[in-house]
Amino acid sequence: MTGLFRIAIACWLMVSWAVAVDAQQPGASPAKNGAEKSSTGGKTGSQGQSASGARARFDQLLKQFKELLGEIRRLQLEYKKVKPAQRPPIEQAFQEKTARARELLAQLKKLGEEVFRADPSQQDIARFLAVAGMQAARRGHLEEAVRLFELLDSKGFHHPELDPVAGEAAFGLSRYDLAEKFLTRAKKEGKLSPQHEQLLAQLEKEKKYWAQEQKLRQEEAQRGDDDPKALPRVLLRTTKGDILIELFEDQAPNTVANFIHLVEKGFYNGLTFHRVIPGFVAQGGDPQGTGKGGPGYTIPDEHKRPDARRHYWGSVAMARTSEPNSAGSQFYIAYKRLPALDGAYTVFGRVIRGMDVALRLNPQDPDAKENPLPPDRILSAQVIRKRNHPYIPKVLRPGQSKPMPLEGGAEASGREAPGKKDDKTAKDGQEKPPAGEKKDASAKKPGESSGAAPKEPKEKSQGGSANGASGGQTNPKPSSPNGAQAAEEK
């Protein structure tokens, strides 16, 4: 039941949203259109009636939401008092009510936006949306957070505590002009932390990098299915929905060859996303589900190439150990711009559709004794487009210094046998992007293992590190809160 209690804690955090509507928080600037007005905002006719109706529905749902939170709390207390044999019905009721609480919360946010757009003078709704934006940013839902922060700012609602969070979220999506606006204002008001100062200092460089990335994406988008240079694509069908990935064969040809080879062999079918760190990365591709497994071989790194791609929101990269050339099958999806991982992990693709699905993957920590929810799975992986040539990766085996084309054998058949580890995996542990090696507000680093996931750094500063983790592949580890721009197909 530990997992359920963790969910309960998350639900009780929702109380802050309800409280935010009631609380009169000081420091927020009123909307530009002046002091508080009536619920219709001075509007007349159907427009005013529509705003009034939305406000009435909001108040009604908020009442239901608070009552539901009270019921959840009572279930928690009851659970502690009863004998183990009496707990299953309580667990079932708890799950049902928490699911309903999430539904109500989503409706409240939608109605809150509608009310505020119609009448920005309703400061209680503005505070509600501000708290919702803060919570979305903490959960790594950067698009939602930035949308709410932009709405509040456009209507004249301002609170100095919001600006650093809004700037960081915008940075994570590579919305650099918006990030500059919020971070510069926070600096003038003395609200900028050292980590956010680093983000502000990186903006000019990041703008240049992003312009280069956008140019590449525009060129790639012009290649139709019939173009021999069209980039390969792989569709991941997961327990949460579909994720479509476009592969950067031009900048990471061997890594792409390996990924396509494994997909076509059915290697990824049924595997879990064993490491999902909100606001950092979602990692999968380990047949053991621990961050220590792989395909039975490793592949050469390609992140030192002069044309290597960078980590943006939706980028897909290989996890590896702290040893060079130690990636195998584990990969991760970046939840934001991760400058600290650039040049440390090979970026070989990006999500072009289904990033909303990737963001909904159940949080997982392979090092935890228990996770609140079971891991999501890759039901199937399918190559839906590729170039007209064989995809045969060059691989490394233990004791081999020169990569050789993969030919037949056990490795080519699919997964490493259960419990089997190559020398590097046994030595290094998990494959992860390490965390917090650099004190860079925009960097996160991977951990280590022969197929492990990126790891979050202890410091909540932007970035990542590339240190090794505990015995296996190196997983990216987060050390700061930046992100990259939407990878949705444009």
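The values are calculated or read from the model by the stated rules, or taken from the named source; none is laboratory data. For clarity, every value in this text was computed on a predicted model and none was experimentally measured. For neighbour counting, all protein chains shown are included, and Cβ atoms are generated from backbone atoms with ideal geometry for every residue, glycine included.
Does at least one position in region 285-292 carry a residue that is farther than 30 Å from ALA137 by Cα, touching a Phe, Trp or Tyr at 6+ places or on another chain (Cβ under 9 Å) and either surrounded by 17 or more Cβ atoms within 10 Å (Cβ to Cβ) or not assigned by TED's automatic domain parsing to the domain that holds ASN371 (or both)?
yes
SER315 versus (1) crowded, with 18+ Cβ neighbours inside 10 Å; (2) touching an Asp or Glu at 6+ places or on another chain (Cβ under 8 Å); (3) under 29 Å from GLU144 (Cα atoms): which is the lone unmet condition?
SER315 satisfies all of (1) crowded, with 18+ Cβ neighbours inside 10 Å; (2) touching an Asp or Glu at 6+ places or on another chain (Cβ under 8 Å); (3) under 29 Å from GLU144 (Cα atoms) except (2).
If you take the residues in region 162-189 that are in contact (Cβ under 8 Å) with a residue 60 or more places away in the chain and assigned to a loop (DSSP other than H, G, I, E, B), which one is farthest from the chain's Cα centre (by Cα)?
So the residue we want is ARG175.
With the requirement that a residue be of a type in the set (Gly, Ala, Ser), closer than 23 Å to ALA169 by Cα and assigned to a loop (DSSP other than H, G, I, E, B), what does region 311-342 give you?
Residue satisfying the conditions is GLY314 alone.
So, VAL131, is that one outside the structural domain of LEU108 (by TED's automatic domain parsing), closer than 29 Å to ALA334 by Cα and surrounded by fewer than 24 Cβ atoms within 10 Å (Cβ to Cβ) or not?
Taking the combined requirement at face value, the residue does not satisfy it.
Name the single residue, out of those in region 179-216 being in contact with a Lys or Arg (Cβ under 7 Å, 6 or more places away or on another chain) and not aromatic (Phe, Trp, Tyr), that is surrounded by the fewest Cβ atoms within 10 Å (Cβ to Cβ).
Only one residue tops the list, namely GLU213.
Determine whether LEU231 is out of contact with any Cys (no Cβ under 8 Å at 6 or more places or on another chain), crowded, with 20+ Cβ neighbours inside 10 Å and aliphatic (A, V, I, L, M).
So LEU231 fits the description; yes.
Starting from region 390-403, take each residue that is in contact (Cβ under 8 Å) with a residue 60 or more places away in the chain and surrounded by 15 or more Cβ atoms within 10 Å (Cβ to Cβ) and list its partners that are in a strand (DSSP E or B) and of a type in the set (S, T, N, Q), counting only C-beta distances under 7 angstrom and pairs at least six apart or across chains.
Taking only residues 6 or more apart or on different chains, the pairs are VAL395/THR298; LEU396/THR298.
Based on what the data block shows, is ARG87 in contact (Cβ under 8 Å) with a residue 12 or more places away in the chain and surrounded by fewer than 16 Cβ atoms within 10 Å (Cβ to Cβ)?
no
Which of the residues spanning region 273-294 are assigned to a loop (DSSP other than H, G, I, E, B) and within 10 Å of the chain's Cα centre (by Cα)?
Those that are assigned to a loop (DSSP other than H, G, I, E, B) and within 10 Å of the chain's Cα centre (by Cα): PRO278, GLY279, PHE280.
Going by what's in this entry, would GLU143 be described as at pLDDT 95 or above, more than 30 Å from PRO374 (Cβ to Cβ), surrounded by fewer than 22 Cβ atoms within 10 Å (Cβ to Cβ) and assigned by TED's automatic domain parsing to the domain that holds LEU68?
No; evaluated as a whole, the condition is false for this residue.
Given the conditions (1) part of a loop (DSSP other than H, G, I, E, B); (2) among the aliphatic types (A, V, I, L, M); (3) crowded, with 24+ Cβ neighbours inside 10 Å, and given that ALA308 satisfies all but one, which numbered condition is not satisfied?
Looking at each condition in turn, ALA308 falls short on (3).
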